[in-house]
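Each value in this text was obtained by applying a stated rule to the coordinates, not by laboratory testing. Please read these numbers as outputs of a predicted model, since none were measured by experiment. So basically every Cβ, Gly included, is an ideal-geometry build from the backbone, and we count neighbours across all protein chains shown.
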DNA sequence: ACCTGAACACCGTTCAAGT
DNA sequence: ACCTGAACACCGTTCAAGT
């Protein structure tokens, strides 16, 4: 069993198609949501359906390519915050101001959920790096005793995802739930 | 604009079809998940697709009918727990032992999410009653100061839904997240 | 090597025709 | 009144045929 390896192709014309599909999909996801028909994306990009499917064997693969740069930005931002603030402030700021807003954009929640589920297999470098960045923030906060020891990084990511996706269009509710989450993360009394 | 009113029909043959569709759908959802084709359900029930669509104009309506009794059981259980325990124990027991396990069954999470979103319009009695039961548990716990005042019932339901659906197949993670939730619900310090 | 686009087996949904 | 089931416009996916 070989890995799907959805890498960028080498030949110039194939690479052009690949990039063009990703850009077209980005527009289509933004306009119509992440459930938009793949045939429609192919047609809009002016290429055959088979070309889309060879480059991106699953819808997931296409979504991943579209949001790869966003995942990378989240990863970079985590490192910046860790360098500039104390561990708890860095973690809280990252979740509240970067992760949750990102997950409220269509498509990216799916990607991050997938990152969380599959990263152990390390099939995608950007997802692996994302998980490591999140884990680093959490471990640092635990190391200084700012949050409880009996929590795992994926618990926080999952709860943040649940809050982000369930509070669509209600920022006040989102803030309330995040406050509950972070109060619940305090060291057990 | 008239309400869809997906009530049970009066004529005996139509009622028989209605009930048979619900039972067939219940089996199909359990076996194949809540995304199973409606045409497949109709065929399996031995009725025409049009009959299914007249009784249940949307997939949501069919799911609602299938899980109506489960919603009612959850509602009843809330009242029982409120009568038998102190408010915090009742709320915590209800969420941990009834609500979250229920949401982990396929289909019912969708129904409860819908209940939460639409209950203000009170278009379905069982959903309205469910929300009132949950609200009663939360208000009682707030009245005795057992949980924070600045939380709304729907925040708790949403977070519980997020935890239930994101922790599939990992009971230990589910327990950890529920502990974070309930610690976060303590009166603000 | 890579691409096209017709073709396949599906899907949700509708509606003329039946009883 | 209620039901049937063919028909419509789609969907994801594949693959022979081209370049």
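Quick check on the exposure proxy: order B:95, A:144 from fewest to most C-beta atoms within 10 angstrom.
Working: B:95 24, A:144 10.
In order of increasing Cβ crowding within 10 Å: A:144, B:95.
Taking the label point as lying 7 angstrom from Cα along the Cα-to-Cβ axis, what are the distances from residue B:35 to the corresponding position in the remaining copies, in ascending order and in nanometres?
In nanometres, ordered from closest: 1.1.
Most exposed first by the Cβ proxy, i.e. fewest other Cβ within 10 Å, how do B:116, B:52 rank?
Working: B:116 19, B:52 22.
Going from least to most buried by this count: B:116, B:52.
Between the helical axis of B:12-32 and the dominant principal axis of chain B, each derived from Cα atoms, what acute angle in degrees is found, rounded to the nearest 10?
The helix B:12-32 is inclined about 60 degrees to chain B.
As I understand it, the value is the acute angle between the Cα axis of helix B:125-143 and the longest principal axis of the Cα atoms of chain B; what does it come to in degrees, rounded to 10?
Once rounded, the angle reads 0 degrees.
When the chain is fully extended, how far beyond the present Cα-Cα distance does residue A:132 get from residue A:72, taking 0.36 nm per residue of separation?
Numbers: separation 60, 0.36 × 60 = 21.60 nm, distance 1.18 nm.
So the extension gain works out to 20.4 nm.
Identify, for chain A, the residue whose C-beta comes nearest the rotation axis onto chain B, and round that distance to whole Å.
Axis relating chain A to chain B; nearest Cβ residue and distance: A:162, 1.
Along Cα-to-Cβ, 7 Å out, sits the label point; list in nm, shortest first, how far the one on residue B:14 is from those in the other copies.
With the label placed 7 Å along Cα→Cβ, residue B:14 yields 6.0 nm.
Just want the ordering: A:18, B:53, from fewest to most Cβ atoms lying within 10 Å of their own Cβ. Kindly include the intermediate steps, with their values, before the conclusion.
On the way: A:18 22, B:53 15.
Ascending number of Cβ neighbours within 10 Å: B:53, A:18.
Please report the orientation-averaged projected area of chain B, defined via the convex hull of its C-alpha atoms, in nm².
Over every viewing direction, the Cα hull of chain B projects on average to 12.2 nm².
Give the shape of segment B:104-172 as rounded, prolate or oblate, defined through the alpha-carbon gyration tensor: a ≥ b ≥ c are the square roots of its eigenvalues, a/c under 1.5 means rounded, and otherwise the shape is prolate if a/b is larger than b/c and oblate if not. All intermediate terms of the calculation are to be shown ahead of the outcome.
Numbers: a/c = 2.45, a/b = 1.14, b/c = 2.15.
The shape class here is oblate.
Whole Å is fine, so just give me how far the alpha carbon centre of segment B:11-81 lies from that of segment B:131-159.
31
Quick one: if you stick a label point 7 Å off each Cα along the C-beta vector at residue A:19 and residue B:30, how many nm between them?
Here the modelled spin labels are 5.5 nm apart.
Just check the protein assembly as shown against the gyration tensor rule for me: Cα atoms, a ≥ b ≥ c as the square roots of the eigenvalues, rounded for a/c under 1.5, and otherwise prolate or oblate depending on whether a/b exceeds b/c.
Working: a/c = 2.29, a/b = 1.08, b/c = 2.12.
Cα axes put the protein assembly as shown in the oblate bin.
For peptide A:152-161, what's the mean number of Cβ atoms from other chains within 10 Å of each residue's Cβ? Intermediate results must be reported in sequence, preceding the final value.
Working: counts 4, 0, 6, 11, 2, 1, 10, 10, 2, 3.
Going residue by residue through A:152-161 and averaging, the value is 5.
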